[in-house]
Amino acid sequence: MSRLVIVANRVPDPRERGATAGGLAVALKDALQRRDALWFGWSGATVAEPAAAPTEQRKGRVTYATLDLSEEDYRHYYLGFANGALWPVLHYRLGIAKFAREDWEGYRRVNAAFAAALAPMLRPDDTIWVHDFHLFLLAAELRALGCRQKIGFFLHVPFPPRSVIMGMPKAEAILAAMGAHDAIGVQTDDDAENLRGALFGIGEQDAAARVGTFAIGIDAAGFANLAARRFRTKEVDQLRASLAGRALAIGIDRLDYTKGLPQRIAGFGKLLQRFPRHRSNVTFLQVAPVSRGDVASYRALRRELDESVGRINGQYAEPDWGPIRYITRAVARPTLAGYMRLAKIGLVTPLRDGMNLVAKEYVAAQDPEDPGVLVLSRFAGASGELEGALLVNPMDPDDIAEALDVALTMPADERQARWKPMDAAVRANNASAWCRQFLTALEGSESAAESAAESSARRRAA
Ligand code: ADQ
């Protein structure tokens, strides 16, 4: 089998073990065990004078190759264009996006530098799989350097309607660069429709035809085992004891403005205000470690949450009960798995989310005999697969409060009837299925390099 080359903004630390690794590393685990692989991307470090050639480390069948960034590239490429412009726009938040030409230049420069460092490492029969919005231009840069290998792209975040994306300066250049891929994957049919519409709008019909939906999954069996094992550990016992028989609702997110945290906290406050019978009977634990703490909008979010949690706790707490526990430190994944199994309610209310793996992890973590209830945003990609969840509009704290009230009083047979099909879906559409389906589409696709050459030959002949 040919080598698989994964390109992503971040490269996992090869020392990370299965249970502690998150997101993409888990999703790709199967594929990386079955064939030789190269994982290429940013080291996570910034240095004064980055080397042009990557540092390599090998573990098992995978070589990890990383580049450092200069302070300037970190500021313009990562904080500026990727996180300041693309992240909000792709989550439909054109109004809070910040655009600067220097950021765009930094984005182009880093995509080109990544391509220049990767190209000499490639073998003729490699399959290349590029991940996410940091690297929209990479494939086009590789093609310009003469790469003819199959290149696939997967977008982990949503893709907004054409009218939103076209509001962002340089959107057209990004869309045009999509034509360099042989297969383009997104999380949901809505994302696919939006992306095709935008590509059509700029005359990239060939690229539009290569867009497909591939909903990302988790290692459901592995997570279920982890949660069951961790359910009886010191950390989970301590949390259980501290609840003194009260129900637990849990939220687990990166501290990010797309995750709907202020509205969620307000929703929990509304529950206590409008349904007083739940006062003193339910505790909400929100774990939200700070991410991207050096972007101003993230600092503002943190202040807002500190204030609203304090206000609700001040208003409703009793000497022996506090409504909200809010942790901005990281908690180890295995412990979180145990917490999820303990929680009667999983509260997952992003304003927009490509998929949201926490929703799937919460489902997988439940005790089949006594499963909890998932309260889920209808704007998370996962809502398409998790039909047994109580779906809410995450912008509406009253809607969240009403769903929490229903969840807290739901009888066991209804909880089971809702959970079973969700668990079946999470197990069927798991990480390995996602990976296999995307790679099958990519490796069986017509070559973009050849079809681009053919269509330019046709244009020349015409
Ligand atoms: P994220 O925005 O990071 O990912 P999500 O899918 O919810 O969002 O989480 C990814 C992983 O991080 C999960 O395994 C989750 O358990 C872990 N995680 C989240 N919060 C955590 C916390 N507080 N502590 C420890 N671990 C935590 C992006 C897109 C999503 C998409 C994924 C994968 O924004 O929509 O589902 O990529 O494609």
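Where a number appears in this text, it was derived from the coordinates with a stated rule and is not lab data. Because the structure is a prediction, the values reported are computed rather than measured. Don't worry about glycine lacking a Cβ; one is built from the backbone with ideal geometry, like all the others, and counts go over all protein chains shown.
With contributions of -39500 (n - 2.57) from each DSSP H run of at least four residues, the per-residue ellipticity at 222 nm computed over the chain stands at -13000 deg cm²/dmol.
For Val373, the residues whose modelled amide H falls within less than 5 Å of its own, excluding neighbours fewer than 5 places apart on the same chain, are Ile345, Gly346.
Taken one residue at a time, the phi angles of segment 134-143 give Karplus couplings (6.51, -1.76, 1.60, θ = phi - 60°) of 5, 10, 4, 9, 4, 4, 5, 5, 5, 4 Hz. Gly and Pro are set to x.
Counting only DSSP beta bridges with both residues in the chain, what percent are antiparallel, rounded to the nearest 5?
On the way: 6 of 56 bridges.
Among the beta bridges of the chain, antiparallel pairing accounts for roughly 10 percent.
The distance from the alpha carbon centre of segment 112-141 to that of segment 353-402 is 35 Å, rounded to a whole number.
Express in nm, to one decimal, how much length is gained between Val47 and Ala296 on full extension, taking 0.36 nm for each residue of separation and deducting their alpha carbon distance. Intermediate values should be presented prior to the final figure.
Details: separation 249, 0.36 × 249 = 89.64 nm, distance 2.24 nm.
Extending this stretch completely gives an extra 87.4 nm.
For the pair segment 11-85 / segment 223-292, the C-alpha centres are spaced 31 Å from each other.
If packing is taken as the average number of other Cβ atoms within 10 Å across a peptide's residues, how do 297-308, 434-445 rank, most packed first?
Working: 297-308: 15.0, 434-445: 17.8.
So the peptides 297-308, 434-445, ranked by packing, come out 434-445, 297-308.
Arrange the peptides 273-284, 29-40, 206-217 so that the one whose residues have, on average, the most other Cβ atoms within 10 Å appears first. Working shown, then result.
Working: 273-284: 16.3, 29-40: 18.5, 206-217: 20.9.
Result, highest mean first: 206-217, 29-40, 273-284.
Eigenvalues of the alpha-carbon gyration tensor of the chain, scaled by 5 and square-rooted, set the equivalent ellipsoid semi-axes at 40, 23, 22 angstrom, largest first. Provide the net charge surrounding Gln416, with neighbours chosen by a C-beta distance below 9 Å and charges set as Lys +1, Arg +1, Asp -1, Glu -1. Within the 9 Å Cβ shell, the charges total -1.
For segment 130-224, rounded, prolate or oblate, judged on the Cα gyration tensor with a ≥ b ≥ c (square roots of eigenvalues), a/c < 1.5 rounded, else prolate if a/b > b/c?
Working: a/c = 1.97, a/b = 1.27, b/c = 1.55.
Because a/c hits 1.5 or more and a/b fails to exceed b/c, segment 130-224 counts as oblate.
Projecting the Cα positions of Gln149, Trp42, Ala115 onto the charge dipole of the chain (unit charges on Cβ atoms of Lys, Arg, Asp and Glu, taken about the Cα centre) puts Trp42 furthest along the positive direction.
Taking Lys98 as the anchor, which lysines have their alpha carbon closer than 30 Å to its alpha carbon, excluding any fewer than eight residues away along the same chain? Within the straight-line cut-off, Lys98 pairs with Lys170, Lys259.
Of the Cα atoms belonging to segment 220-427, the radius of gyration and Dmax stand at 15.8, 47 Å.
Is segment 24-102 best put as rounded, prolate or oblate by its Cα gyration tensor, with a ≥ b ≥ c the root eigenvalues, rounded for a/c under 1.5, and otherwise prolate when a/b is larger than b/c, oblate when not?
On the way: a/c = 4.37, a/b = 1.51, b/c = 2.88.
Note, shape of segment 24-102 comes out oblate.
Considering segment 55-176, its Cα convex hull presents a mean projected area of 8.1 nm².
With respect to the chain, whose longest principal axis is taken over its alpha-carbon atoms, helix 431-443 is tilted by about 20°. In the chain, the longest principal axis of the Cα atoms and the axis of helix 397-408 are about 60 degrees apart. Overall dimensions of segment 4-214, expressed as equivalent-ellipsoid semi-axes from the Cα gyration tensor (√(5λ), whole Å, largest first), are 26, 20, 17. Taking Cα atoms only, the orientation of helix 261-274 departs from the longest principal axis of the chain by about 20 degrees.
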